[in-house]
Amino acid sequence: MNTKQAKERIEELRKQVEYHARKYYDEDKPEISDFEYDMLMVELRNLEKKFPEFQSKDSLTKKVGGHVKEGFQKVTHEVPLQSLQDVFSIEDVKEYILKIEQKAKENAISEVTYVVETKIDGLSAALEYKKGEFVRGATRGNGFVGEDVTENLKTVKTIPMKLKDKIDITVRGEVFIAKEDFQKMNQEREENEEELFANARNAAAGSLRQLDSKITKKRPLDIYIFNVQKIEGKEFNSHYEELEYLCQLGFNVNPIRIYCKNMKEIEEAIQKIGDEREKLTFGIDGAVVKVDNLKFREILGTTAKTPRWAVAYKYPPEKKETKLKDIICQVGRTGVITPMAILEPVKVAGSTISKTTLHNEDFIKEKELKIGDTVVIQKAGDVIPEIVGVKKEKRTGKEVEFEMPKLCPVCGAQAVREEGEAAIRCTGIECPAKLFRNLVHFVSREAMNIDGLGENIIQQLLDKKLITNIADIYTLQLEDIASLKKNGKKFAQNLIDSINKSKENDLYRLITALGIRHVGTKASKLLAKKYKNIDNLMKAQLEDLSMINDIGPIVANSIREFFSQKQTQDLIEKLKIAGVNMVAKEEENIDSRFEGKTFVLTGSLENYTRGEASNLIEKYGGKTSSTVSKKTDYVLVGEEAGSKLTKAQNLGITILTEAEFREMLH
């Protein structure tokens with residue numbers, strides 16, 4: 001490589017690592033694996049070393065990649081929170097130890113000992129204590145300036161608010177989410193149609209860097225402390241002694257710390273951690289080798305970015321080849337149809353893998369997967385098995401192309417992929433895979449408002465096969481419901497009364513309850529007002545639907561597809577027989593106090609659902625919108641209000657608390 005080529009490649013690499021560092025550190029949404037990022041950094045570091053004329057103090061090889069997120073107070077670290085120099089082979093570790101031993105001889109130090117610890121895959125934080133009481137916590141940021149996340153760290157149960165000694169101390173730890181908790185979080189997010197976290201590290205980082213500590217409190221964060229940054233009134237000779245003292249103070253200290261006297265023991269420790277990593281409850285991305293003698297550490301010193309007294313050995317991701325035997329499709333509780341790879345069982349990173357998700361149709365096309373292929377799999381972030389490639393050279397010609405189903409594999413209803421979405425969904429309202437979710441929505445306050453029929457009762461009714469579809473709600477008998485609870489007759493009678501009352505609901509509530517994709521309360525009211533009864537709506541043509549204000553072509557198509565399904569038609573017929581109202585009621589125009597006013601709702605309200613608050617606003621002549629603009633008159637805020645509140649404040653729009661909103665209604 002000549003000088004010109006080196007300069008061009010260095011500039012290209014800097015742009016790449018800066019982009020990926022921003023996605024990783026600042027946005028908590030990485031697009032490449034840690035290993036791929038590490039390899040980019042290694043290449044950049046080597047080129048900068050070979051061509052020193054192109055070195056720059058702004059290069060990420062010279063500094064930590066994080067920035068302070070807008071909305072947080074800045075914290076300047078008294079002792080910088082540095083990153084570690086990474087190495088990727090035992091030979092590199094040996095070379096590092098030789099340099100340390102040489103430096104020890106030069107300084108007449110007869111013996112050097114080490115501590116090998118797990119490199120926890122999380123987010124670094126500094127915890128500051130005054131007289132034994134927790135006073136402040138901050139993220140690493142760029143190593144010198146971080147974010148004040150004190151209130152968020154107070155929600156982490158393993159962080160002591162008071163220590164066992166009244167001492168002034170600042171410690172450093174790694175905030176993380178355990179493997180099992182991470183899997184549960186992503187499972188819940190998938191069921192709620194929320195974007196999945198890429199890995200446990202980014203889930204932890206995103207949780208800790210929430211502007212609202214109430215959100216952080218709901219996340220299963222944990223922490224391991226691994227270093228004393230600063231301490232007053234005490235002195236230690238070794239790092240290992242410090243860690244023991246931190247345990248005595250009540251800290252949750254990194255449990256894997258192996259005392260080593262030489263390179264042979266260091267290599268054994270690294271091997272041991274590598275062998276045991278699959279059994280650990282938390283994710284790791286390496287093993288850290290640290291010089292134990294604290295005075296020797298002072299002699300070794302630091303660079304601008306890394307200490308010279310420690311190095312991080314990064315385990316390469318273990319990859320294995322296996323056969324893709326089949327691709328089957330599973331239907332989630334929201335109707336998303338997900339392809340699943342059935343694999344020839346293979347052991348990867350300590351566990352046997354026989355299946356893994358293929359996410360969606362685009363993923364299969366991107367990887368060019370065929371049934372019968374030899375594929376390469378690895379475990380992402382020590383947790384999730386994934387297919388990373390296909391061995392096309394091993395194809396025999398017998399491999400089979402895979403196509404996503406046009407019909408739901410569970411109920412046979414049409415499966416559709418909407419424009420701009422990766423997911424394919426079942427459209428059947430009575431699909432057994434989505435029945436629980438559909439029932440919960442049907443009875444909710446914004447929909448049919450059947451009081452007492454909560455998730456727990458619905459699940460019991462399904463388990464006992466007392467209901468097998470939505471219409472069965474209206475055939476429930478008093479004794480059926482009473483059997484669910486001890487002395488349940490009163491509860492059963494109240495629920496029966498609520499079910500019967502729901503039969504009289506206005507048509508818009510039924511339309512809302514049907515759960516047509518993209519059709520909420522607002523659109524349901526428009527449809528009920530225009531078509532007057534359910535039969536007219538079911539016969540409405542696509543062109544006619546598209547002409548309604550606020551009902552665009554995507555929503556119109558969704559409505560048309562929904563009512564063309566036999567499952568939908570059967571359900572409507574059953575509900576008619578049960579006596580459920582199918583006709584729009586005349587609107588009562590009480591007054592128009594909100595006429596010409598536009599409201600935006602944000603956050604969680606205590607006494608209303610968003611649907612109920614919107615209904616009240618519209619009842620009095622007002623409108624609701626999902627976005628804040630100069631045309632917005634009021635922003636009604638609840639708990640966990642986010643960016644909409646900030647935008648409203650910047651635009652000078654009137655902010656209403658829930659109490660102020662109630663006053664306006666009376």
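The values are calculated or read from the model by the stated rules, or taken from the named source; none is laboratory data. Please read all numbers here as calculations on a predicted model, not as lab measurements. Glycine also receives a Cβ, built like all others from the backbone with ideal geometry; neighbour counts cover every protein chain displayed.
Just a few scattered comments:
- Within region 228-239, tally of residues that are farther than 13 Å from ILE169 by Cβ and either buried (at least 18 other Cβ atoms within 10 Å of the Cβ) or without any contact (Cβ under 8 Å) to a residue 40 or more places away in the chain (or both): 2
- Any chance ILE572 is among the hydrophobic types (A, V, I, L, M, F, W, C) and either over 37 Å from the mean Cα position of the chain (by Cα) or buried (at least 18 other Cβ atoms within 10 Å of the Cβ) (or both): yes
- Selection status of ALA413, among the aliphatic types (A, V, I, L, M), in contact with a Ser or Thr (Cβ under 7 Å, 6 or more places away or on another chain) and crowded, with 20+ Cβ neighbours inside 10 Å: yes
- Residue match in region 484-505 (condition: closer than 30 Å to LEU526 by Cβ and among the hydrophobic types (A, V, I, L, M, F, W, C)): yes
- Residue count for region 344-372, restricted to those that are within 14 Å of ILE384 (Cβ to Cβ), hydrophobic (A, V, I, L, M, F, W, C) and surrounded by 17 or more Cβ atoms within 10 Å (Cβ to Cβ): 4
- Test result for ILE215, on the phi < 0 side of the Ramachandran plot and modelled with pLDDT of 95 or more: no
- Test: GLY137 is under 30 Å from ARG209 (Cα atoms), out of contact with any helix residue (DSSP H, G or I) (no Cβ under 9 Å at 6 or more places or on another chain) and either not in a strand (DSSP E or B) or not hydroxyl-bearing (Ser, Thr, Tyr) (or both): no
- All of ARG136, ARG172 fail the test of being surrounded by fewer than 23 Cβ atoms within 10 Å (Cβ to Cβ), under 21 Å from THR118 (Cα atoms) and in contact with a strand residue (DSSP E or B) (Cβ under 6 Å, 6 or more places away or on another chain), apart from ARG172.
Condition check ((1) touching a residue at least 24 places away in the same chain (Cβ under 8 Å); (2) closer than 30 Å to THR334 by Cβ; (3) polar (S, T, N, Q)) across all residues:
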| residue | (1), (2), (3) |
| --- | --- |
| GLN102 | no, no, yes |
| LEU127 | yes, no, no |
| GLU133 | yes, no, no |
| THR139 | yes, no, yes |
| ILE159 | yes, no, no |
| LYS164 | yes, no, no |
| ARG172 | yes, no, no |
| ALA203 | yes, yes, no |
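- Filtered residues of region 640-658 (kept if among the aliphatic types (A, V, I, L, M) and either part of a helix (DSSP H, G or I) or buried (at least 18 other Cβ atoms within 10 Å of the Cβ) (or both)): ALA641, LEU645, ALA648, LEU651, ILE653, LEU656
- A residue that is at pLDDT below 95 and more than 15 Å from the chain's Cα centre (by Cα) occurs somewhere in region 191-212.
- PRO405 falls short on exactly one of the conditions (1) under 25 Å from the mean Cα position of the chain (by Cα); (2) in contact (Cβ under 8 Å) with a residue 40 or more places away in the chain, and that condition is (1).
- Residues being within 17 Å of LYS157 (Cβ to Cβ) and in contact with a Leu (Cβ under 7 Å, 6 or more places away or on another chain) - total across region 203-256: 9
- Elements of type helices (runs of 4 or more DSSP H) contained in region 1-114, each with 3 or more residues being of a type in the set (Asp, Glu), more than 29 Å from the chain's Cα centre (by Cα) and modelled with pLDDT under 90: 3-21
- ARG517 passes every criterion in (1) over 20 Å from ILE577 (Cβ atoms); (2) of a type in the set (Lys, Arg); (3) more than 31 Å from the chain's Cα centre (by Cα) apart from (3).
- Filter result for ASN254 (of a type outside the set (Phe, Trp, Tyr), crowded, with 17+ Cβ neighbours inside 10 Å and in contact with an Asp or Glu (Cβ under 8 Å, 6 or more places away or on another chain)): yes
- Evaluation of THR303 against (1) surrounded by fewer than 18 Cβ atoms within 10 Å (Cβ to Cβ); (2) under 30 Å from ASN438 (Cβ atoms) (one fails), failing number: (2)
- Taken over region 522-546, residues that are surrounded by 21 or more Cβ atoms within 10 Å (Cβ to Cβ) and touching a residue at least 40 places away in the same chain (Cβ under 8 Å) amount to 3.
- Residue match in region 424-446 (condition: more than 23 Å from ASN192 (Cα to Cα) and in contact (Cβ under 8 Å) with a residue 40 or more places away in the chain): no
- Complete set of residues in region 205-227 that are in contact with a helix residue (DSSP H, G or I) (Cβ under 7 Å, 6 or more places away or on another chain) and crowded, with 20+ Cβ neighbours inside 10 Å: SER207, LEU208, GLN210, THR216, LEU221, ILE225
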